[in-house]
Amino acid sequence: MIKRFTSPFLISTSFRLAAALMIGVGIPTAFVFGSESITYGAFYQQTVTGRVISSTGPVSGVTVTIKENPSLSTLTDDQGNFSIQASNGHTLVFTAVGFTTLEKAVTGNVLDIVLTESDQTLEEIVVVGYGVQRKESLTGAMQVVKGDELRDITTPSVENMLNGKVSGAFVAPGSGRPGSGGAVVIRGQATLGGTTSPLWVIDGVIVGSGAGDLNPDDIETMNVLKDAASTAIYGSQGANGVVVVTTKRAKAGVTTVNLSTRMGFNQLTNGNLQVMNGQELYDYYTSFANASTISFPRWNADLRNSNFDWWDLATKSGFVQNHNVSISSGTEKLRSYLSVGMYDEKGAVKGYDYRRYNVRLNQEYKPFAWLTIKPSVVGSRRGVENREYSVTSMYSNLPWDSPFDANGNLEPHRSSNWVNSASTNYLYDLQWDHSANTNYELMGNLDFVVDLTDWLSFSSVNNYRYINYAASGYTDPRSNGGLSVNGRITDYRSEVARRYTNQMLTVNKTWGKHTLYAVGGYEFNDYWSKSLDVYGTGFVPGFEVLDVVSKPERTRGGINEWAVQSLLSKANYTYDSRYLVEASLRRDGASNFGDNAKYGNFFSVSGGWNINNESWFNATWVDALKLRVSYGSTGNRPSSLYPQYDLYSVSATSSYDGEPGALITRIGNKDLTWEKTMTTGIGVDAAFLNNRIRTAFDFYNKNTGNILYNVPISLMTGVGSIYRNIGEMNNKGIELTIGGDIIRTSDWLWSLDVNMGHNVNQLTDLFPTRNADGSYSVKPVFIGDGSNIAGSAQYVLEPGRPVDTYYLKEWAGVNSETGAPMWYVVTRDAEGNETARETTTDYSKGTIEKLGKSSPRLFGGFSTALQYKQFDLGATFGYSIGGNFYNYSRQEYDSDGTYTDRNQMKLMPGWNRWEKPGDNATHPIAKYNNQDKGNQVSSRYIEKNDFLRLRSLTLGYNLKLNQYGMKNVRVFFAGENLFVITNYSGVDPELPANDGSVLSSTGPGVYPATRKYMVGLNVSF
């Protein structure tokens, strides 16, 4: 059995040593060793400055050396700027990994340098699973996104930054609410009952299915691993892909201080959803076929002039600011990187404030040539103050009802002055009600590398992560939610602790034409959480602590634990930089499987061929051409922690006659085993015309077996479901990335990059159920759409169909003679083939059909960058084609008169309502208290969500102020989410993610995306 710990504070001696070392080496090296800047003698009569760029933008870390005196050198900063003392006639040599070395004679005090990628980029190093490899030796499908490419949008969520930047990675963005995070799905949904999010690895540490509170400004690179060759080394955690993040570190011999700040404001975007004003709503009511039957106390023509704008009441221009300072310094012995950041955003919907602080210290200490110690400490604090105005009420509240009376006082709930006199006035509650939450996260590492020989090393990664979350809520006794219980105070606390360690041996040896890179080792990580959830009611208004309540309404708490341990190995062999072979094997053991299947094995084999390195290959215009093939397995564990055990609930609901008791809540499955995904991949990487054109193409075929699912069973046992391995699923698709430099000169650079992903999902097998005659057969399973809204759409799980197939009554349009809504009645034979089709105006007679899917056929993004001397202009776009949403909000706001207690939406261009016989209309006849059921769930509200969005547009200028000790000063202006082109009638064709999950149905109150206008400044010293 895997040993688990029971307290987050149980830190071993090694971690106490780590803390001591971190404190000891936490002093910036500049204070210990003095300034690292080098001042040369007066022999050099001028300061030569300049900027180094490539086809992808500024190049940092370029070594600039004086050829006549190689001991004199410097490095370019993050913006590619350099400064060095040299004389006319001297030659400067520019060298960088992955670029052709360039020599430039000094003829003045300013030089602009353009480096070209080396023909083969043989030495370019890429971070992969459990190590680094030369890019040329890679056999897997992966994509590298540099930190600067991510930071073109302003958000604290790293997931949001990936949107449109990686082929095959679908990102559902966060909503416009400050701090809202996105959801990432790589190469399609590969499971039914578990998470679809990729595994996140930060500086070699597995942190889970999200990036947490990682500061985007600390990111150096983000590597997205997609196929089995790249992810199988992560075994049971790699089925959904892996995102490997490398944070910034100091470089030896260079001291840099970077300051970045951006400030601006945000505004809500309402998309195509426009609700009616008072005049429009009155005219709509008078158009009802039965308008003469309208009867409520305020129904008169004066309503036409009664217009309160609930949208304007709730919204404002929010303020956004993001500030980061970093100090980087080091020698060959000791290097330190320290960063501090603050992100603050006031919501564009009033009353919601988000603020986050981040700090990071990365160090490397090399006391001996054979030993490198790498301690690091990371901390963050996130806080939210919430008195947010109601998002749903912005759309739903009638414009005839004002929250204020004639004297400017707030109307009480269920006011007789309102047309909708049964409704509540949320502003009345906001006088008192509020909530808040804070989250503290601390993560510490003590890593080290021992070079045993020049080709064999031992590395150790040791990490401890602690998260403390607290949330509180106050519902006043005078508010609508507190009236019945005389007020409510809530307090929720949780602690999470994770330990992670891996111990690895690495072989990196080259002899002759042979190169071997191999790793092998042991990994362990575990998880512990504790929560406390308390409600109290009955108190005097104004008190906000649980001590004052007269009744403890609810007291809950829990402790959860899990652990995983693994043995893993990987080997990559390269012959003559032409032929590549790689294999990996991993064995995982997890605590949430029974003894019958506690361990699972995962593997991959892959190969590559660098065709351009063949002696017979003479196409000089081809810089690189690689063919890749891979096959392997990854896995998944159940989302439930203890599905192998019979579980009993010991709680208040389990007691009898005041005596404590226990009730069974889960039937265990000791034979539950690992969900496995077998992936076949074929890919091509190529570069042409001195790397002016770059492309990568991948085809993949993923087969997932032993799908984990919580299968419904008869409630006669007292339990409604049991975890089983129940079916199989297939995802296949293609990915394409193309980039090119349209113009590339010393003054001009214009580049264009495009990526796309296409994925086809199909459920291929499902669990059989018992028939009345005792036999078993596979039957469709019907599930919700994830919106948790009663009366919304549902999906059908059936072999041969995508897992996101809608299962609804099929809309047949409007009867042109009567204006009544219609649905199809489909007749089928015993094999399910359609034999007849007719229409009906009776909703109950319409047949439920399997109709389309929600996921897009094609999605991705493209970006362009233009640089002219000190000016730069960049734009990033995202797009999606062939997807669908179920727009539930139209059931309420486009209801043909069914709902008279909420506002209605204006008809979109091209829509029209039936008025007289013969009309060919998109919308049925409108009636007061309409009972035709035209707004009931059906395919009427399935809409295409194709879109093209300008995600960011940035204009910058680099000032040369070297004479003031500044390596670079860049001022920029940026606009984000400036426009979206779509025919979707809702708020946004990109539905916000829900707790890391992708949604395809929209509710009545979607927090709109925001448009941001930012001004920023980057300064390097």
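Per-structure values
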| item | result |
| --- | --- |
| Normalised contact order of the chain, rounded percent, pairs of Cα under 8 Å and 6 or more residues apart | 12 |
| Cβ-derived FRET efficiency at R0 30 Å, residue 836 paired with residue 907, nearest 0.05 | 0.35 |
| Aspartates and glutamates with Cα under 13 Å of residue 146, excluding same-chain neighbours fewer than 8 positions away | 78, 217, 218, 220 |
| Point-charge dipole on Cβ atoms (K/R +1, D/E -1) for the range 125-247, about Cα centre, debye to 20 | 340 |
| Gain in span if fully extended, residue 370 to residue 782, counting 0.36 nm per residue against the direct Cα distance | 142.3 nm |
| Principal semi-axes in Å for the range 829-889 [√(5λ), Cα gyration tensor, largest first] | 49, 14, 8 |
| Value in Å of the Kirkwood radius, where the chain supplies the Cα pairs that are averaged | 31.8 |
| Net length gained if the chain between residue 493 and residue 773 were fully extended (0.36 nm per residue, minus Cα distance) | 95.6 nm |
| Helix axis angle, 13-24 relative to the chain longest principal axis, alpha carbon, degrees | 70 |
| For a label point 7 Å along the Cα-to-beta-carbon line of residue 622, residues of the range 726-747 with backbone N under 20 Å | 736-741 |
| Share of alpha-carbon pairs per 10 Å distance bin for the range 125-247, given as whole % | 13, 49, 32, 5, 0 |
| Order of 213, 576, 526 under a 10 Å beta carbon neighbour criterion, fewest first | 576, 526, 213 |
| Rounded to whole Hz, the Karplus (6.51, -1.76, 1.60) HN-Hα couplings of the range 327-339, x for glycine and proline | 10, 10, 7, x, 10, 5, 8, 9, 10, 9, 10, 10, 9 |
| Cβ crowding within 10 Å averaged over residues, with 782-789, 436-443 ranked highest first | 436-443, 782-789 |
| Contact order normalised by residue count of the range 125-247, Cα under 8 Å, 6+ apart, percent | 31 |
| Gain in span if fully extended, residue 648 to residue 554, counting 0.36 nm per residue against the direct Cα distance | 31.9 nm |
| Loop chymotrypsin sites (Phe, Trp or Tyr not before Pro), the range 899-963 (other Cβ atoms within 10 Å of the site Cβ: 13 or fewer; DSSP) | 911 |
| Computed [θ] at 222 nm, deg cm²/dmol, the chain (DSSP H ≥ 4; -39,500 (n - 2.57); rounded to nearest 500) | -1500 deg cm²/dmol |
| The range 212-323: C-alpha gyration tensor shape, a/c 1.5 cut-off, then a/b vs b/c | oblate |
| Cα→Cβ-extended label distance, 7 Å offset, between residue 571 and residue 955, nm | 5.9 |
| Sequence ranges 262-273, 302-313, ranked by mean other-Cβ count within 10 angstrom, highest first | 262-273, 302-313 |
| Cβ-derived FRET efficiency at R0 30 Å, residue 69 paired with residue 870, nearest 0.05 | 0.50 |
| Taking 398, 427 and counting other C-beta atoms within 10 Å, the order from fewest to most | 427, 398 |
| Protection-proxy order for peptides 60-68, 200-208, each taking the mean of Cβ atoms within 10 Å per residue, highest first | 200-208, 60-68 |
| Subset of 967/1012; 316/944; 809/850 violating a 19 Å alpha-carbon distance limit | 967/1012; 316/944 |
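Read-outs throughout are calculated quantities, based only on the coordinates presented, and are distinct from any laboratory measurement. Model, not experiment: these values are computed from the prediction. Backbone-built Cβ (ideal geometry, glycine too); neighbour counts: all protein chains shown.
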